[in-house]
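Just so it is clear, none of the values below were taken in a lab; they were calculated from the coordinates. Owing to the predicted nature of the structure, the values given are computational and were not obtained by experimental measurement. Every residue, glycine among them, receives a Cβ derived from its backbone with ideal geometry; neighbour counts consider all protein chains shown.
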Amino acid sequence: MIETRGLAVTYGGRCALQPLDLRIPAGESVAVVGRNGSGKSSLLRALSGLERAARGEVILHARSCEHHRNSIEIAYIPQRSAARWELPFAVADVVAAGVRRAWWRRRGPSDRAAVAAALSAVGLDGMDTRPVTELSGGQAQRVLIARALVQQPNLVIMDEPFAGLDTATVQAVTELLESFVADGNSVCCALHELDIARSTFSRTVALTDGLIVDDGPSSKVLDVAGVERIFTTKALA
Amino acid sequence: MNWWAWVVEPLQYDFMKRAAIATVAVCVASPMCGVWALSRRLVYFTDAMSHGILAGIAGAAIVGGSLLLGGLLAAVTMALFVSFLIVRARAPEDGAIGVVGQGLFALGVMGISLQREPRALTHILFGNPLTVSATDVVVNTTLSAVVVVSILTMQPVLLATTFDPAHARTVGIRVGLVDATLMVTLSLTVVAALATVGALMAITLIIAPAVTARMLGRSLHHMIAISVGCGLVSGIAGLLISYHAGLPTGPTVALVAVAQVGLAAAWVRPAGAMRRTLVHDRNEQARL
């Protein structure tokens, strides 16, 4: 469904992602793991169309797209801390930001129904008028997932969605992702929680210094030897 | 004199009627724009713009053109130039604003120094209801209407790009264009406020009601309603107080707006503590 060919990302001459090939077919959940600065976020941002490829290309449905930000099939959920949770916006307004519409078009009944359905799917029924300032970390993460679901995407890309969540909320979020994947969609998620990667994601891609050092079934990539290899060794240039 | 006469008596004069209409229009538009300026951390930009438009005003005075038009040209030029520096040249935001704003301000001071009667421009800097003409009323209300319609139309994209600009980009919103449009809208607001509160006090009418609203409001709609209410109270009360006490209008309006922030700050601490307790209790109940 989505793949990269020789994709490289650089920031001011510093190579954040070395040329890599990656393919994420429909119905697969992929965990991206690695140390801080290993290139996880750069990979996700490049897949989402937020970073231009310094080299290589991102291919969606066999069609090369240098900058496919207009693809409604991909929903990107940045790190929770990237959003302005201190502003008292209503939950429904934040979720509605996922609805693609022209500037001048007001939110119609169908948009409101889509927002209500997305909130219901993440278990936040009746919280549409609640200001986001009053949400817990888990509720905030669910709001971001609802905002992604309202796009009706085929691929959800998430950057560290489990950071700072308690066990019950992690369980709720993983169940949401599993049901999304069970419907034939894909998830690509950067995370540090290796136990969640093992239990929830069918495949794990390990990055070190912007290079894929391992790619395969999560149980294999994240076994004891694999974890040691990913987190203690340098990538071979 | 009873309070009704205190309010109505000034309105028997045509110049006060014109000033009141222009002030009400500006006091609706400015706070609405201010809510977004504050939320998007554009307070410094607004401040710099209120100084930067001096270049256009001085230029218009030199060539004998419309001061409002001159101010508008300088404001829009500043908005577009700052946007260009930030979006295209990737200059740091506060640096771009500082350089362009202070550059235009320096030009303005130079232009004013070339005037035979620099004091003739004082009303543009601090506002004076005596100088509000019928044309000013039409220009002010038109500019204010444009600002209100723009802000209401852009509200969904403003919310999306303010809350999470990275996500907004992925759903096809051109964040740089939204930023530029908001800056141009802010420039229209500053120019609309020229005749009534003056260039240097415009920022207070834009930002202070928004700060009050931010402290008291629990949602975007609350914030907009509170800020417009505070703006109207500041404008009308400031106009009347300045008339009766013989004070300059712009600073009086600004001080009323600042006083509201003080009152809100005094109120919000006990109210905030109570609300946090209620939210905590509700979260605890949900957890159980």
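Can you list residues whose amide H is under 5 Å from A:Val213's amide H, if they're 5+ apart or on another chain and H is modeled 1.01 Å from N? So A:Val213 has HN proximity to A:Ala206, A:Leu207, A:Thr208.
Projecting the Cα atoms of A:Gly27, A:Ile77, A:Ala121 onto the charge dipole of chain A, computed from C-beta unit charges around the Cα centre, puts A:Ile77 farthest toward the positive end. Counting only DSSP H runs of at least 4 residues, each contributing -39500 (n - 2.57), and dividing by the residue count of the protein assembly as shown, the helix-based mean residue ellipticity at 222 nm comes to -19000 deg cm²/dmol. Its relative contact order, with pairs defined as Cα atoms under 8 Å and 6+ residues apart, puts chain B at 28 percent. Within chain A, the selection of entire DSSP H helices by a Cα span of 15 Å or greater along the long axis and an average Kyte-Doolittle value of at least -1.0 returns A:109-121, A:137-149, A:167-182.
Spin-label model, B:Val258 to A:Glu178: label points 7 Å out along the Cα-to-beta-carbon direction sit 6.0 nm apart.
Taking the charge dipole of region A:163-235 about its Cα centre, with +1 at Lys and Arg Cβ atoms and -1 at Asp and Glu Cβ atoms, the residue from A:Gln171, A:Gly216, A:Cys189 reaching farthest to the positive side is A:Gly216. Label-to-label distance for A:Ala225 and A:Gln79 is 3.3 nm, based on points extended 7 Å past Cα in the beta-carbon direction. Counting neighbouring beta carbons within 10 Å and listing from fewest to most, the residues B:Met78, B:Met110 come out as B:Met110, B:Met78.
Taking B:Pro129, B:Pro165, B:Pro209 in turn, the Gaussian network model of chain B (Cα-Cα springs below 10 Å) assigns the largest fluctuation to B:Pro165.
Computed from the Cβ-Cβ distance with R0 of 41 Å, the FRET efficiency linking A:Arg100 to B:Gln12 stands at 0.15.
About its Cα centre, the dipole of chain A is roughly 820 debye, where the only charges are +1 on Lys and Arg Cβ and -1 on Asp and Glu Cβ.
This ranking places B:Trp4, B:Trp36 by how few other beta-carbon atoms lie within 10 Å of each, fewest first, which gives B:Trp4, B:Trp36.
Amide hydrogen proximity for A:Leu17: with H placed 1.01 Å from N in the peptide plane, the residues at 5 or more positions away or on another chain lying under 5 Å are A:Val9. Rounded to the nearest 20 debye, the dipole magnitude of region A:84-152 is 340 debye, with +1 charges on Lys and Arg beta carbons, -1 on Asp and Glu beta carbons, and the Cα centre as origin.
Here's the picture: a label point sits 7 Å out from the Cα of B:Trp267 along the beta-carbon direction, and within region B:196-220 the residues with their amide nitrogen under 16 Å of it are B:208-219. Going from the residue with the fewest nearby Cβ atoms within 10 Å to the one with the most, A:Asp183, B:Asp47, B:Asp164 rank A:Asp183, B:Asp47, B:Asp164.
Annotation: average projected area of region B:3-287 is 17.4 square nanometres, based on the convex hull of Cα atoms across all directions. Each Lys and Arg Cβ is given +1 and each Asp and Glu Cβ -1; about its Cα centre, region B:3-287 then shows a dipole of about 600 debye.
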